[in-house]
Amino acid sequence: MMLEVKDLKMYFPIKRGLLRRTIGYVEAVDGVSFSIDRGETLGLVGESGCGKTTVGKCVVRLLRPTGGSILSDGHDIASLSTKALKAYRRKTQMVFQDPFGSLNPRMTVSDIIAEGPVIMGEGRSEERVSELLDIVGLSKEAGSRYPHEFSGGQRQRIGIARAVAVNPSFLVCDEPVSALDVSIQAQIINLLEDLQSKLSLSYLFVAHDLSVVRHIADRISVMYIGQVMEEAPTEELFAHPLHPYTQALFSSIPSLDPRMRRGLNPIPGEPPSPVDPPPGCRFASRCPKVTPQCREGKIGYVNVADRHWVRCVLCY
């Protein structure tokens, strides 16, 4: 097992007043669990604000979780000190959503890519930088230029080269194609798939676009207001979505094939606040199949088929 996340929680304090007293918490991630095998891609999808990116930042330890465990090769990294994180960061890297804001505009591309190995104590190798530029489809001459001289797709290639520069085995890809044109999205997805094959990488692929995730993920976890509602192998999830929220997401996927059009129905209502989430199912206030039981107590996360998990009383 490459990575196993158990009951992950990330609460952000809400502070008010002159003394900045804590008056409550934003429950951005509340009890998320999943696992990723070596060479596998897990897609993490959901509406904006559901906690996907927060999960990714916890996994790479840009955020220290409030609770739960993150096991990497059997070692819990959720509580590691800053110093102890260096070895973990060597094998776990992140590709960020914004291909421009994540790159230092005052550094050349060569400096950006070489920075990771230098920090890890490997020293700087121009030969290695050139090799990485070639791997991601950029010319050697690109190394002497600055981020603003490149298109969005090229900048994302630079970000990917930086991420793999320290030879990681695991990448968190935080919506790496959402800011790109559709034609460029396909190129970046193909690049990530090629790198996965060549470098034996595992991915946590965070996205809100199900049609993109379908092309790259082996399994998909569907998040809603800090919790995973459903998880299954990709084709199984698309063929048999069980949770009403998953079904609602699928009904909003645009398609050029008339046979696949399901009448783009937006999900009614507004999601509840993560500051004060309701008891029971968090989707209950918007669910067309809601029952009184949905609004009571804690809803279990059950295995209904091979590697198919659902958090819904209708599936017990």
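The values are calculated or read from the model by the stated rules, or taken from the named source; none is laboratory data. Because the structure is predicted, anything quoted here is derived from the model rather than measured. Positions of Cβ are backbone-derived with ideal geometry, glycine not excepted, and every protein chain shown enters the neighbour counts.
Just checking, does the range 106-116 include any residue being under 27 Å from VAL136 (Cα atoms), in contact with an Asp or Glu (Cβ under 6 Å, 6 or more places away or on another chain), among the small types (Gly, Ala, Ser) and surrounded by 21 or more Cβ atoms within 10 Å (Cβ to Cβ)? So that I can check it myself, show each step before the final result.
Narrowing the range 106-116 to residues under 27 Å from VAL136 (Cα atoms): 106-116.
After this cut, where a residue has to be in contact with an Asp or Glu (Cβ under 6 Å, 6 or more places away or on another chain) as well, the list is none.
So far as the range 106-116 goes, no, none of its residues is under 27 Å from VAL136 (Cα atoms), in contact with an Asp or Glu (Cβ under 6 Å, 6 or more places away or on another chain), among the small types (Gly, Ala, Ser) and surrounded by 21 or more Cβ atoms within 10 Å (Cβ to Cβ).
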Cβ pairs under 7 Å, 6+ apart or interchain, first in the range 167-191 and closer than 26 Å to TYR88 by Cβ and in a strand (DSSP E or B), second modelled with pLDDT of 90 or more and hydroxyl-bearing (Ser, Thr, Tyr), ordered by first then second residue, are PHE170/THR92; PHE170/SER202; LEU171/TYR203; CYS173/TYR203; ASP174/THR53
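Could you look through the range 176-191, keep only residues that are under 23 Å from CYS58 (Cβ atoms) and surrounded by 22 or more Cβ atoms within 10 Å (Cβ to Cβ), and pick out the one that is farthest from the chain's Cα centre (by Cα)? Break it down into steps so the answer makes sense when it comes.
From the range 176-191, those under 23 Å from CYS58 (Cβ atoms) are 176-179; that's our starting set.
Then keep just the ones that are surrounded by 22 or more Cβ atoms within 10 Å (Cβ to Cβ); that gives 176-177.
Values: PRO176: 9, VAL177: 12 Å.
Ranking the qualifying residues of the range 176-191, first place goes to VAL177.
From SER35, SER69, which residue is among the polar types (S, T, N, Q), touching a residue at least 60 places away in the same chain (Cβ under 8 Å) and part of a strand (DSSP E or B)?
Numbers: SER35 fails: touching a residue at least 60 places away in the same chain (Cβ under 8 Å).
Answer to the selection: SER69.
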request  = Restrict the check to the range 204-219 and report whether at least one residue is closer than 30 Å to VAL118 by Cα and in a helix (DSSP H, G or I).
outcome  = no
Checked GLU27, GLU4, GLU47 against criteria (buried (at least 19 other Cβ atoms within 10 Å of the Cβ) and of a type in the set (Asp, Glu)); the one match is GLU27
Wholly inside the range 84-135, helices (runs of 4 or more DSSP H) that include 2 or more residues that are among the β-branched types (Val, Ile, Thr) are 109-119, 126-135
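For the range 300-316, which residues satisfy the criterion of being assigned to a strand (DSSP E or B) and either among the β-branched types (Val, Ile, Thr) or at pLDDT 90 or above (or both)?
Step one: of the range 300-316, the residues assigned to a strand (DSSP E or B) are 302-305, 308-310.
VAL302, ASN303, VAL304, HIS308, TRP309, VAL310, listed by residue number.
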Subset of the range 267-299, residues buried (at least 16 other Cβ atoms within 10 Å of the Cβ), farther than 16 Å from MET223 by Cβ and modelled with pLDDT under 90, comes to none
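Return the residues of the range 41-58 that are of a type outside the set (Ser, Thr, Tyr), in a helix (DSSP H, G or I) and within 15 Å of GLN97 (Cβ to Cβ); say none if nothing qualifies.
Restricting attention to the range 41-58, the residues satisfying the condition of being of a type outside the set (Ser, Thr, Tyr) are 42-47, 49-52, 55-58.
Filter again for in a helix (DSSP H, G or I), leaving 52, 55-58.
LYS52, VAL55, GLY56, LYS57, listed by residue number.
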So, first residue closer than 21 Å to PRO272 by Cβ and free of Cβ contacts under 8 Å to residues at least 12 places away in the same chain in the range 225-253, second residue of a type outside the set (Asp, Glu) and assigned to a loop (DSSP other than H, G, I, E, B), Cβ within less than 7 Å, six or more apart or across chains; the pairs are GLN247/PRO241
